[in-house]
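What follows is one structure encoded as structure tokens, with my remarks underneath.
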Amino acid sequence: MPNFNFFFLLILTCLLLNAESWQIRSLEMVHKRFESFPEAFVKNLVSLKGRRISFNPQSSQESQAMNKAYAAMFAPFWNEIIKSLREEDYISNREMDLLSVPSNTGSLRLVQWPLFLLSSKILLAVDLAMDCRDTQADLWNRICRDEYMAYAVQECYYSVEKILHSLVDGEGRLWVERIFREINNSILEGSLVITLSLKKLSLVLSRFTALTGLLIRNETPELAKGAAKAVFDLYEVVTHDLLSSDLREQLDTWNILARARNEGRLFYRIEWPRDPEIKEQVKRLHLLLIVKDSAANIPKNLEARRRLEFFTNSLFMDMPSAKPVSEMIPFSVFTPYYSETVLYSSTDLRVENEDGISTLFYLQKIFPDEWENFLERIGRGESTGDVELQENSSDSLELRFWASYRGQTLARTVRGMMYYRRALMLQSYLERSVGVDDYSQRDFQMSQGFELSRESRAQADLKFTYVVSCQIYGQQKQRKAPEAADIALLLQRNEALRVAFIHVEETGAADGKVSKKFYSKLVKADIHGKDQEIYSIKLPGDPKLGEGKPENQNHAIIFTRGEAIQTIDMNQDNYLEEAVKIRNLLEEFRAKHGIRPPTILGVREHIFTGSVSSLAWFMSNQETSFVTLGQRVLANPLKVRMHYGHPDIFDRIFHITRGGISKASRVINISEDIYAGFNSTLRQGNVTHHEYIQVGKGRDVGLNQIALFEGKVAGGNGEQVLSRDIYRLGQLLDFFRMLSFYFTTVGYYVCTMMTVLTIYIFLYGRAYLAFSGADRAIAREARMLGNKALDAVLNAEFLVQIGVFTAVPMIMGFILELGLLKAVFSFITMQLQLCSVFFTFSLGTRTHYFGRTILHGGAKYRATGRGFVVHHIKFAENYRLYSRSHFVKALEVALLLIVYIAYGYTDGGAVSFVLLTLSSWFLVISWLFAPYIFNPSGFEWQKTVEDFDDWTSWLLYKGGVGVKGENSWESWWDEEQTHIHTVRGRILETILSLRFFVFQYGIVYKLHLTGKDTSLAIYGFSWVVLVGFVMLFKIFAYSPKKSANYQLLMRFMQGVTSILLITALCLVVAFTKLSIPDLFASILAFIPTGWAIICLSVTWKKVVWSLGMWDSVREFARMYDAGMGMIIFAPVAVLSWFPFISTFQSRLLFNQAFSRGLEISLILAGNKANVET
């Protein structure tokens, strides 16, 4: 496995370094390369029908005109993208103004760039001019060192001329024309520094800023008088301060101007800007003059930055040319939904957990800037409280959507997928606006009307269909569930959305039996907001025969249209800037990708849940490396990429005629995603991957959610090992593809399991050497013979690289996407947040569920939940989930390490032992305490006390019919045994359980009591002692409730037995060779033996039950679980005594803002408690 990872890394590095990707890694690079964006956008994302211009300019003037044409075509798309960011509250109104690109359709002779590139450039240029002591050429060269400063100066100059020319008439217009004619002549002659007194530029600038500040407002008589006065003040400053003395005298003696000034007609009235072009220029120029802060922090939101960086970077990647909307491949998007959250209700947002933290409070602290932008968008102040928003129905609904768009909800998915329709409408609208034979810039000026265009909407609906398969929507409507109302609301807000569901009709027969008829229905919202049925198809019976999700897809796929279909999970998202590239992606079906055309187009995923907590960040980084860089290498050159993710796009015709996109057989097809890839590859399909487009994806954010998800995936891989698909692929693939396929599917889990098994084999081997004394003898012989190799092997440092090799692609992805410095910083930050503990814990999760599926089969779907994990998980809940998968295995490793240190031999003593076993102890600590380290408020004393009470209540509560495992230890214990149901599984479990007898067999011969006696009778006598202890346990564990008539006698017998036991132990220690260490060694020997007996009893439950010993076995198991729980709980309780531990954990788990909020909530909760008492 390490060799494969290095090979994988080598290919990945070569491909990405040679490709034209990752050129734009930061906002600074976006600024530097913004000039090239319009041309790249037009060449890649605008169809030939939408261009109507050539790409071969013959002169500099044609080149400038073409650049302006590029900018004019780029502007409506870019502005719509910026508008979508504002609608999503990632940017503020001010940032939207600064990021927007002017239409570039006016009469200005140069390209106008967004203000965030030009901000503060004018002020800097004025400072340079005021300090200038050189020639005009030298000044211009200094300005041109910053190309955007040069653009700003040119635009400012031409805009001032155009605005002043439109404001005044008569003598005033003559003055404006004369001034600019003189300045233009000076520029041509190179004498500008002589014609103008540049030190007065700041004064002129202040006067003109005052004028534009008035003009951007709506006209009133008072403002008109003020503007006229501002123009006259500007005239005075320009004439008497800015111009040279010669030119000033010429203007003062100009008769026409002097007469108008003397008569009071000069600038007494101005023409208020009414032309849209002039109004746009006035607003833009005002911002250009007043914005003083740097553009380095615009936009401030990190998600907005990331999206713009990826979009602009993708413009320079290789992609097919876009076809016109009328000629593009029609496609559908398909989302299966069952009963997950559609839209957060007001109650969901307000309800508080035990810390006083609500979901809304959590989101406000995690996304503070987005909350401020939301309040600005709905016209509320920053001090607006939650209660005020709830009082207004429209604001309350907007608040619900704002919160839902930051979770893993169906509302977020629907909004994202409907961006496809919005992008197609915009593209269709602009394509139809272009003339047939020539290019008109005015056609690109306004794009606001595209959403109202009937032709654009019709064209988009012909090419795009979105179907959400809500399997139980009919049942939800019948019982008036809130999910049904929320789905109906989504239908009303999205006219192109379609919902498919299974409708059940019950009819009574004459004999009293009820018959059911099943229909697959498709509905949309009518003009009144009610459900309007489009299609209804009668089914032969209940369609849910196999796994739920694939069956949900299979019944509704008939309602999709087009030649391609994109499968989307209900916890995904999409972005408008990515939706505009869908035409290019669909053209990949017509492109050449080897011998066979593509049948599945793989798409890059972005994990958007990485900012929720440190665990979410770890999971996000791990998934990102797999679903982006990893998938790219699997597709090319390895050619073994299967359908791993749900943004992938299927050739609909190919798959519908070859078994569909979802295999649904129960259990074996629990991981239905990858079977679509298997199916496609076996039928001579071709799976590709494309990095220039991305789709958002949510992942699990809490440790329990992550463990359940990884358990589901690991169990699914275990079932794949047993499937015929893997068998056939192994037979049909060539040798090299077969090896690559193995190591990237089931082989990964096999190697993961082998990594853990290696630890067990090593430690059991060392335990054998310690018990037999062979390690000391071998070491002595190696020293005598001078055999350094043997000595090195015996004392090799056992550092199994747990999780390190699997993290290599992730580290490489950091370097390629972020740069070396940021990658190192991110990696160190992850280590400080204990990511190694998390990855080591995940290793155990995958090993357990994969191994259990291999032994017993029966993998099952595990619902993880997709909410925000802001509540504390009870100790008992963590124990139930991880007891058998991690805790038992960790304690077994700990016992082996104790045996090794107690009886083994190591050169160098304790230090050498620590070095040899460091990684093993790290694994033990990670597996035992990771659930509590990553548990919110896991080390708060009050919660620790409550957890102990809850755990003891659960442990001692008797099970019964209908009692769930979460309420009773007995019920949970019974549920944990359900996976053992085959003879093969029982035999394998029996063989594996025999390893626990090694401890007793080895330790009894190491006691001081036995000396050097190695007879088998010693081992037999140890069993007699064990039986005696079992009988004593039965006496002490005998319940008085079962012997109500003999309570006094039972208590007397228990007391006498206790006295006799203590006396006997004291006598044995005093009069025999049995020592105090021997007592602890005996306990160390008997504990694994007892666990082996319990495992064998559970394996052969029917036999034990028939012997009447099942109740005793259950009580023994309860005692073992109580002991294991106390071993884990004791360190947690001790650490909870120290308040700073809880504070440190909060900083570890959540970002700083939320940690502060958490502490404040605790203080408030404490104050409330004091008031109540």
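The values are calculated or read from the model by the stated rules, or taken from the named source; none is laboratory data. Small disclaimer: the values here were computed from a predicted structure and weren't measured. All Cβ positions, even for glycine, are placed from backbone atoms using ideal geometry, and neighbour counts span all protein chains on display. All accessible areas refer to the heavy atoms of the entire protein, side chains included, with ligands and DNA or RNA removed. Shrake-Rupley method; radii C 1.70, N 1.55, O 1.52, S 1.80 Å.
Remarks
- Stretching the chain fully between THR209 and LEU174 yields a gain of 10.4 nm (0.36 nm per residue, less the alpha carbon separation).
- For the stretch 574-691: relative contact order, % (alpha-carbon pairs under 8 angstrom, 6 or more apart): 36 percent
- Projected label distance in nm at LEU918 and ALA137, using a 7 Å step from Cα toward the beta-carbon: 6.7 nm
- The stretch 271-425: C-alpha gyration tensor shape, a/c 1.5 cut-off, then a/b vs b/c: oblate
- When the surface is traced with a 1.4 Å probe over the full set of protein chains, CYS156 keeps roughly 20 Å² accessible.
- Here the alpha carbons of the stretch 352-406 define both size measures, Rg and Dmax, at 11.0, 33 Å.
- Descending by average beta-carbon neighbour count within 10 Å, the peptides 213-220, 963-970 line up as 963-970, 213-220, the highest first.
- The distance between label points at MET784 and ILE378 comes to 8.5 nm (points 7 Å beyond Cα on the Cα→Cβ vector).
- Accessible heavy-atom area order of GLU989, GLU39, highest first, probe of 1.4 Å: GLU39, GLU989
- Length gained on full extension, LEU545 to PHE736, computed as 0.36 nm times the residue gap minus the Cα-Cα distance: 65.0 nm.
- FRET efficiency, 1/(1 + (r/R0)^6) with R0 56 Å, evaluated for GLU946 and SER202 via beta carbons: 0.25
- Backbone phi angles across the stretch 626-636, fed through the Karplus curve with coefficients 6.51, -1.76 and 1.60 (θ = phi - 60°), yield HN-Hα couplings of 7, 7, 10, 5, x, 5, 5, 5, 4, 6, 8 Hz in residue order; Gly and Pro are listed as x.
- For the stretch 483-575, Kirkwood radius (reciprocal of mean inverse C-alpha pair distance, Å): 15.4 Å
- ILE901-ILE537 FRET efficiency (beta carbon distance; Förster radius 56 Å; 0.05 resolution): 0.20
- Taking 0.36 nm per residue of sequence separation and removing the Cα-Cα distance, the HIS871/LYS283 pair yields an extension gain of 206.8 nm.
- Accessible surface ranking that places the most exposed of GLU506, GLU1115, GLU563, GLU710 first, with a 1.4 angstrom probe: GLU506, GLU563, GLU1115, GLU710
- Take the Cβ atoms of ILE1076 and LEU1107, set R0 to 30 Å, and the FRET efficiency comes out at 0.20.
- In the stretch 503-639, Cα pairs under 8 Å separated by at least six residues give a relative contact order of 10 percent.
- Nonlocal amide H pairs with HIS606, under 5 Å, H built at 1.01 Å: VAL695, GLY696, LYS697
- Averaging the sequence gap over all C-alpha pairs within less than 8 Å and six or more residues apart, then dividing by the number of residues, gives the stretch 148-287 a relative contact order of 37 percent.
- Restricting the stretch 272-329 to GluC sites (Glu not before Pro) in coil, as DSSP defines it, with at most 11 other Cβ within 10 Å: none
- Put a dot 7 Å past the Cα of GLU35, heading toward its Cβ, do the same for LEU302, and the two dots end up 3.2 nm apart.
- Accessible carbon and sulfur surface of the stretch 352-406 relative to its total accessible area, %, 1.4 Å: 42 percent
- Whole-number D in µm² s⁻¹ for the stretch 66-127, Kirkwood Cα-pair radius fed into Stokes-Einstein, 4 °C, 1.567 mPa s: 103 µm²/s
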